[in-house]
Amino acid sequence: MAMTINENPMNPIPLWDSENKWQCNQKTFHDAMAWPVVQNGVLPAMALTLQGTPTSSTANVSLTVSNNSAINGTYRTIDITAAFTENDDANFTSRDIVIKFSHAGNNAYTISVAKDTGSSMIYLGDITDLSGHKEVSRSAIRAGGNFLYNSNPVTLSPLDLNYKYNAGDKTILVKRFSDNVQVASTTASFVIRGCVPYKSSAREGRMWIDAGAITSVVPDGVYYMEFTFDDVTYYSEPFVWLTQLSNFTHVTFRRSGDIVTKTNVIIFDDGEGNSKQLSMYLRNIDQRPPYQFNPEVTDIDGRKFAEKQVSYYNRRIAFNCYEAFLEAIRLLWHCDIRYMGNRRIDYMEPPEMDWNTDNHLCDVVLEMSNYDDVIQTNGTASSYFNSSDSGHQSYDASFDASFD
C-alpha cells in the first residue's frame, strides 16, 4: 500500500494534492495583499504527516520493523546480546527473539521479550526484579535497559520505537504561477518515520521536507513547488519570492514537545537528534508597541509611595493574511520556542483576528514580548539619601503626630 500525505494547513506554505485547493482560487482572493512571502531562492520547510503503509522499512538504531505497526506492534531485534548457550532450554539466540511494545499511555510502554513461539516472556525491570511488566518512558527505551531471563542477564541496545523508511531523493520543481513554467529544481531526501505514540489510521508516518536553497537565479514573483510521491503529485500553496525583505518581520518557531491534531503530528526533530523549525515572514515591521507601566503603590493618609515599579512593552505586528496562513499563526502561538529575527520571544499574547473589513482577508495583530525589555525598580518609597522622598516631612516627627 502506498503512503499519501495528509493535508497540512498549519505549515506557513501548505501542501495540497490538487491545485484546486489553492486559496488563490477563491473568487475574492486579494493577490499581493495575501500571498505568503519567502526569501528569493529559498524553499520553505514543511512538516508533513502521512497515512498508509510504506513499502519497506529499515532499522533506526537496532530494530527492523516486521509489520510496520508502530504501536502494539512486534519488532524483531537485530542487536541483542544474551548470556545463553546452545544447550540452554530457551534456545535464546538473537535470531528468534522478538520484542513486543504495548502502549500504556502518557508516553509510556510495557515491553516484553519472547521467543517466536510467544513463550518464555522476559519483563523489563531491574536486574533482580521479575515481578511483572514494567512501564517505561520513551527516553528509557531509547537509552536501553537490562533484562532477566531465567536469572540470566540480557542487555537491550538503545531503541527507537519509530520505524524509518527512506523513500529516496525526490526532485522538487519550482514553477511560475502565472504560466506553470518550470524555473528551477532541487533534490530533497524523503525520510519517513513512524508516529509513536500518536499512531492512528490517519497518522502512520511523519517527515520533514527542508529543501534548502536553489542555485538558479530567478526574478522576484509568485511561484509554487511541485513533486510526485508514491504516484501522487503534490502542489505547494503559491508564494511570493522577494529579494528585499526589510519591510517584513521574520519569525522562526518550534515547540519543545510534540503538537498533535486529528490527522497530523508535528515532532520538531528529524529522528536523528537534530531539531527542526518552521519560519514565516509577516507583512509588516514592529509598530505602535504597547508600553505597560505597573506600580505597586502604598497609600498612607493621602501620601502615595511606590513600593515597586515595572515597565515593559510588547512588540506589535499588524498585517493582513488569508485563511490558510491563520493556521500557521495558530501553530506559532502553540509553540514555546520563538524568535523574531535573532531575538527570543518569551511570551506571546493570543492573536487578534478580525474579519470585519473583508470576508476573505483577515486583519491580524500579534503582540510578543521579550523579558529583556522588562525594567523593575524598587520604587521611591525609601529614605535613602538623594531618593525622591528622602527629605520629605513624612519622615520627621510630624508624620508620627498624625496618628495621635
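Return the only residue of L282, L245 being touching a residue at least 40 places away in the same chain (Cβ under 8 Å), over 22 Å from P9 (Cβ atoms) and of a type outside the set (S, T, N, Q). The unique qualifying residue is L245. Among the conditions (1) buried (at least 20 other Cβ atoms within 10 Å of the Cβ); (2) modelled with pLDDT under 95, the only one that S246 does not satisfy is (1). Does region 368-389 include one or more residues that are within 18 Å of P36 (Cα to Cα) and modelled with pLDDT of 90 or more? The answer is no; no qualifying residue exists. Please tell me if Y234 is in contact (Cβ under 8 Å) with a residue 24 or more places away in the chain and within 20 Å of P44 (Cβ to Cβ). Considered against the rule, which asks whether it is in contact (Cβ under 8 Å) with a residue 24 or more places away in the chain and within 20 Å of P44 (Cβ to Cβ), Y234 comes out as yes.
Please work out if V218 is modelled with pLDDT of 90 or more, assigned to a loop (DSSP other than H, G, I, E, B), hydrophobic (A, V, I, L, M, F, W, C) and touching a strand residue (DSSP E or B) at 6+ places or on another chain (Cβ under 8 Å).
Details: modelled with pLDDT of 90 or more: yes; assigned to a loop (DSSP other than H, G, I, E, B): yes; hydrophobic (A, V, I, L, M, F, W, C): yes; touching a strand residue (DSSP E or B) at 6+ places or on another chain (Cβ under 8 Å): yes.
Yes: the conditions hold for V218.
The values are calculated or read from the model by the stated rules, or taken from the named source; none is laboratory data. This one's a predicted model, so the numbers in the text were calculated from it and none came from an experiment. Here Cβ is always computed from backbone atoms with ideal geometry, including for glycine, and neighbour counts include all displayed protein chains.
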